[in-house]
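Worksheet: the structure to be examined is printed underneath.
The values are calculated or read from the model by the stated rules, or taken from the named source; none is laboratory data. Please read these numbers as outputs of a predicted model, since none were measured by experiment. Cβ: placed from backbone, ideal geometry, glycine included. Neighbour counts: every protein chain shown. In case anyone asks, the SASA skips ligands and DNA or RNA and just uses the protein heavy atoms, side chains included. Shrake-Rupley method; radii C 1.70, N 1.55, O 1.52, S 1.80 Å.
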Amino acid sequence: MSHPIGAGATVDELTIDPHPLLARLRAAEPVSWLPALGGWLVTRHDLAREVMRDARSYTVDDPRFSTAQLIGPSMLSLDGPAHTRHREPFARTFRPAETRARFTAFVAAEVDRLVGALRPAGRAELRA
């Protein structure tokens, strides 16, 4: 299988402004080998979800994974029961109801502030 877009990707391109490259990959090579990273990159949401939910076929337990090198084993670098054990203390805090309860007021106030700052100009350019 050929991955010409991924094969041509550079670390600088991924670092400086990755969005154009990621859009091209998502459209033409949603699963691509990037020699610059020495690994596969999955850019389409449905495929990324599939990878994240299939621990039997895919792993994050890789000695090249920089987080594990810097901080040691964690929920970001472990699979299966070890991942669950590391994730469990944080899980409740990030459940949708908990997140909504903690951040709704802040987000609403910030949106009001930002929209209010646009009012004097009478217009704004928005991006998705």
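Across the accessible surface of region 1-75, with the other protein chains kept in place and a 1.4 Å probe, carbon and sulfur atoms take up 60 percent.
Of the solvent-accessible surface of region 83-128, computed with a 1.4 Å probe and all protein chains present, 60% belongs to carbon and sulfur. Full extension of the segment from residue 121 to residue 58, taken as 0.36 nm per residue of separation minus the current Cα-Cα distance, would add 17.7 nm. Starting from the Cα gyration tensor of the chain, take the square roots of the eigenvalues, sort them a ≥ b ≥ c, and report rounded, prolate or oblate (rounded when a/c is under 1.5, otherwise prolate if a/b is larger than b/c, else oblate). In terms of gyration-tensor shape, oblate. Note that region 81-128 presents 96 Å² accessible area per residue, ligands and nucleic acids not counted, probe 1.4 Å. Between 29, 98, 110, the residue with the greatest mean-square fluctuation in the GNM of the chain (Cα pairs under 10 Å linked by springs) is 110. Note on region 35-109: Cα-only Rg and Dmax are 15.7, 44 Å. Between residue 47 and residue 110, the simple spin-label model (points 7 angstrom out along Cα→Cβ) gives 3.1 nm. For residue 97 and residue 69, a Förster radius of 41 Å and the Cβ-Cβ distance give a FRET efficiency of 0.70, rounded to the nearest 0.05. Per residue, the accessible area of region 1-79 comes to 71 Å², computed with a 1.4 Å probe over protein heavy atoms only. Build a GNM of the chain with springs between Cα atoms under 10 Å apart, and of 55, 97, 68 the one that fluctuates most is 97. Using 0.36 nm per residue and subtracting the Cα-Cα separation, the extra length available between residue 10 and residue 37 on full extension is 8.9 nm. Listed by number, the DSSP H helices of the chain that run 18 Å or longer by alpha-carbon position along their axis and have mean Kyte hydropathy of at least 0.0 are 96-118. Of 11, 107, 38, whose Cα points farthest to the positive end of the dipole of region 1-114 (charges on the beta-carbon: +1 Lys, Arg; -1 Asp, Glu; origin at the Cα centre)? Of the candidates, 107 comes out farthest on the positive side. Each residue was assigned an accessible area with a 1.4 Å probe, and for residue 95 the value is about 110 Å². Both radii were evaluated on the Cα set of region 62-106; the Rg over Rh quotient, with Rh as the Kirkwood radius, amounts to 1.15. The distance separating the Cα centre of region 1-29 from that of region 36-104 comes to 22 Å. Is region 31-73 rounded, prolate or oblate when judged by the Cα gyration tensor, a ≥ b ≥ c being the square roots of its eigenvalues, rounded requiring a/c under 1.5 and prolate requiring a/b larger than b/c? Cα axes put region 31-73 in the oblate bin.
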